[in-house]
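Working notes, structure below.
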Amino acid sequence: MLDDVTPDKPVLTLRDVSIEFPTPKGIVQAVKNLSLDIHKGRRVGFIGESGSGKTTTALAVMQMLAEPGRVSGGTIDLGGTDILSLSEEAMRRTRLGRVAYIPQGAMNSLNPVMRVEPQMWDAIIAHEGAVGRDALKQRSDIALESVGLPQHTSQLYPHELSGGMKQRVCIAIGIILNPELIIADEPTSALDVVTQRQVIQTLKDIQTRIGSGLMMIGHDMGLMAQTVDELAVLKNGELVEHGTVQQILEAPKHPYTKDLISSVPLVGGDSFLNPERNADAPKRISSEPLLRFENVRKDYGAVAALQSLSFTLHGDTPQIISIVGQSGSGKSTMGSIMLGFNPPSKGRVLYEGQNIQTMNAAQSLEFRKNVQAVFQDPYACFNPFYRVDHALKFPFKQFGLAKSEAHSQQAMQEACVAVGLDPDLVLSRYPHQLSGGQRQRLIVARALMLSPKLLIADEPVSMVDASLRASILSNIYDLKDKHGISILYITHDLATAYHVSDFVMVLFKGNVVEAGPPKEVIGAPQHPYTRLLIDSIPWPDLKRSWGDGRADWDPAKQEVAALNAKTEYRGDVPGFDLSKA
Amino acid sequence: MTSQDNMPMTRAEKRQARRIRRFDNPWLNPKLIWGAALLLAIIAIGLMGRLLWNLDLVFTGSTPLKLPPVGFENLRGQAGQWANPIGTDGGGRDMLALIIIGAPNTLFVGLLASLIGMSIGIFLGFSAGFLGGRIDDTIRVSADVMITIPPLLILVVFQSAFGDVTLTMMAILIAGFVWQSPTRLIRAQVLSMKQSGYVQMAQLSGASTSHIMFREMLPNLIPYLFGSFIASVTTSIVTAVGLEVLGLGPQRIPTLGRTIYEAINAGALIQNLWWWWGIPTLLLGVMFIGLLLINLGLDEVSNPRLRKLS
């Protein structure tokens, strides 16, 4: 149905575009001979992992390449204008007027000391000179209305808006001059799934209304399938495949495209894990349960981040407990309370019968040795001053596991091999020389070396390229499967939670709203909030348009319903007791 | 856009290649090198002079009075002579000997004062940032209060009460006024670093507080510490020279500031004895330009965004 649109003159024509960055170690070809058309009213997705040249291409269209990058060959034609030959002043008029750029982090793109309205006026005045105040006001109100924001938003400061609202303000600024082309650079990567669906729908609506071309950059195949008409797959600066979404999803030709599609875990789909056997949990001397929450509650001022919660994790059989929820649901707070970084406002956290807030030094060291973590941001986890082996070797020695220098060296190498890294290649590097995926694997290797009894994995793959997520998750899964480590998996991604976990808790505004085995909770959700989350997952499947495809999708209404609904308990697993409130 | 595969490099390209190399190794920063060279030159004057020049000429009356540098004439019509190449002062002291002893002394006061000040700053900054709570409040408030007190005012009172002071004593007194800004700077850095992933990782690894402070955080602060150190050397020298020019510095040890004080006191400006006050002023200028260049260079080293390729 999309193919029969007769394309008129393309809005954007890229012909043999090459972009290079001169560096001390020679010239880096960021984009190689890329040719592509974007037609009026069409949505074209650029997909590829970080460093594949998708953002670089978009910036070249805006003539905003960071120094010392330059377009070394080819032509960029925007609706009949040769972009590369424009003067700086003509280019300034073209930006926003004809090409609008919607940035990745809307929170950093708005001026924090200006109200929303004057920021929108700035855009008009910069292109059209003096415009009357009434006209300005009228146009900014129309733009805000068109992205579904109430009128009083114009008088607010950016910090008074939520992430989704800020991104919509950015969209409103982007379309205020009716551009021919909108470039959206991962516009929802900082938002959670529910907000993501809302923002993408806004973007699609408005793009259809003004009839411009859309260039959407991203790395999530599911989101792309729900958003764009055509897909361009980039790898190492080369366009490896280009076609309609349907062609690419149903019959991908390039192996990399196939990888990208298969790396998206599906609820109910085939598992990317192969659970061969279950290792026994490490022998425990204490008869007390491994971890127990006793009416733990956390308040930040008047806001309750976590409502009174009690559970017991026995730790005699290794298990993966998933905690899912949107940002702000209290799931990360729960993780940091478990690690003892954040004292609970009420209640106690007991590790083998000891309150973790009142431990002495020896007990604390024992607790640290046995409760380890994998954090969200692999880029921040390594001290830039040291080689990466410091992060592995130091705790190994600190916990008295190292018998000798050679022994810790050997343990590091074995751990690296176990997570699929070549120890000779990575261990003697500095953190900035490794990719995010390699760093996150090293953190998993670190956990493996220390063989704790409990591992808290806080969004371990959300900052890693999509194509690597499955393999890192299976590394984590192996920790339970082969090494008998119990894992608390904190995530917003229901599909992965469905596959890896033995028990799922859905958190909403600090309350557990649904809990039970994943096949029940995620496979057949009963609580309105769980259903809302599952409806918001973008599926890499055209027939399944964002959940079950209901047109009357209204998250606000569902959230109200969720607040009133009572908690659903969908069954128990042995070794984990959640006390029912 | 033509391809330049087999063409020899043009001059512009060679220059570009050189810039890129410099970009790669930040320590090859021209500002840093020039600044260090200027300071080393002053230290070299001090060291070489001690070997090559007769330092007894620094005593009063050891040479004729008010002789001009070689090639000039003073108001009495006396020409400069090679025995005193840059002239003599009103007390019959050789200017070259004064400078050989005085210039390193001035630099020494600055370095020592800021070394002490920085050590206090590092200790207090880390304590405030890392321990937080009441300790943080106390340190922050006292640093803020100290910043508002003009140091010269207090030092003038101190120095006049002590009478004659040694160089070390003066450095210690000045150090009491240069610890505040490093304290604040380090506190701010520590606060932001405390939230970083690798500090959390170290906590998870069971690291002690001192390990986290000095092995995980401090190495990453080195560029800031250097910058802050150089800035406080400048402040210390300005303060020291200020006191000396007021006649409040060490009375028996030659320094650049004291030489200027004596020149002003003896009416060198009216008598057109420009070499008496001019040469020490020039050396102080060179010292400050050197420190400024080092500071700018270090800024570019620690903040890659300031480095430009073109």
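Each value in this text was obtained by applying a stated rule to the coordinates, not by laboratory testing. Please read these numbers as outputs of a predicted model, since none were measured by experiment. Every residue, glycine as well, gets a Cβ built from its backbone with ideal geometry; the counts of neighbours run over all protein chains shown.
Below is a table of values for the structure above.
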| quantity | calculated |
| --- | --- |
| Built amide H within the under 5 Å cut-off of A:Val31, gap 5+ | A:Ile19 |
| Relative exposure of A:Leu177, B:Leu293, judged by other C-beta atoms within 10 Å (fewest first) | A:Leu177, B:Leu293 |
| Per-residue HN-Hα couplings for region A:151-163 [Karplus 6.51, -1.76, 1.60; θ = phi - 60°; Hz; x = Gly/Pro] | 5, 5, 4, 4, 8, 9, 8, x, 5, 8, 9, 7, x |
| Å³ per residue enclosed by the Cα convex hull of region A:480-577 | 112 Å³ |
| Lys pairs, region A:1-123 - Cα-Cα below 24 angstrom, 8 or more residues apart or on other chains | 5 |
| Percent of beta bridges antiparallel (DSSP, the protein assembly as shown, rounded to nearest 5) | 55 percent |
| 16 Å Cα-Cα reach of A:Lys397 towards lysines, excluding residues that sit fewer than 8 places from it in its own chain | A:Lys369 |
| Charge tally in the Cβ shell below 12 Å around A:Val296, where Lys, Arg are +1 and Asp, Glu are -1, A:Val296 excluded | +3 |
| Charge context of A:Glu145, other residues only, Cβ under 14 angstrom, K/R +1, D/E -1 | +1 |
| With Cα atoms, 0 to 90° folded angle of helix A:116-128 axis to chain A main axis | 30 degrees |
| Square roots of 5 times each gyration tensor eigenvalue, C-alpha, chain A, largest first, Å | 44, 29, 23 |
| Environment charge of B:Pro280, counting only residues whose C-beta is closer than 11 Å and scoring Lys/Arg +1, Asp/Glu -1 | -2 |
| Packing-based exposure ordering (other Cβ within 10 Å, fewest first) of A:Glu180, B:Glu13, A:Glu89, A:Glu238 | A:Glu89, B:Glu13, A:Glu238, A:Glu180 |
| Angle between chain A longest axis and helix A:405-418 axis [Cα atoms, degrees, rounded to 10] | 60 degrees |
| Average Cα contact separation per residue, region B:30-306, under 8 Å, 6 or more apart, as relative contact order % | 27 percent |
| Whole-number percent relative contact order across region A:291-578, with pairs defined as alpha carbons under 8 Å at least 6 apart | 24 percent |
| Cα gyration tensor shape of chain B, rounded if a/c is under 1.5, else prolate or oblate by comparing a/b with b/c | oblate |
| Under 5 Å, built H, 5+ apart or other chain: amide partners of A:Met216 | A:Val44, A:Gly45, A:Phe46, A:Ala184 |
| Per-residue [θ]222 nm for chain B (sum of -39500 (n - 2.57) over DSSP H runs n ≥ 4, rounded to 500) | -22000 deg cm²/dmol |
| Region A:458-581 - share of DSSP beta bridges that are antiparallel (%, nearest 5) | 65 percent |
| Residue order, fewest to most beta carbons within 10 Å, for A:Ser263, B:Ser232 | A:Ser263, B:Ser232 |
| Partner chain coverage, peptide A:380-388 - average Cβ within 10 angstrom | 5 |
| Derived scalar couplings ³J(HN,Hα) [region A:528-541; Karplus, 6.51 cos²θ - 1.76 cosθ + 1.60; whole Hz; x for Gly, Pro] | x, 5, 4, 5, 4, 4, 5, 5, 8, 5, x, 8, x, 8 |
| Amide proton proximity set for B:Ala83, modelled H, under 5 Å, gap of 5+ | none |
| With Cα atoms, 0 to 90° folded angle of helix B:274-302 axis to chain B main axis | 10 degrees |
| Packing-based order for A:397-408, A:126-137, using average beta carbon neighbours within 10 Å, highest first | A:397-408, A:126-137 |
| For A:334-341, mean number of other protein chain Cβ atoms within 10 Å | 1 |
| Phi-based couplings in Hz for region A:234-247 (Karplus 6.51, -1.76, 1.60; Gly and Pro marked x) | 10, 9, 6, x, 10, 7, 8, 7, 8, x, 6, 4, 4, 4 |
| Under 20 Å from the Cα of A:Lys137 - aspartates and glutamates, other chains or at least 8 residues apart | A:Glu117, A:Asp122, A:Glu128, A:Glu145 |
| Greater than 19 Å apart at Cα, pairs in A:Lys557/A:Lys580; A:Lys166/B:Lys194; A:Lys509/A:Lys580; A:Lys453/A:Lys580; A:Lys509/B:Lys194 | A:Lys557/A:Lys580; A:Lys166/B:Lys194; A:Lys453/A:Lys580; A:Lys509/B:Lys194 |
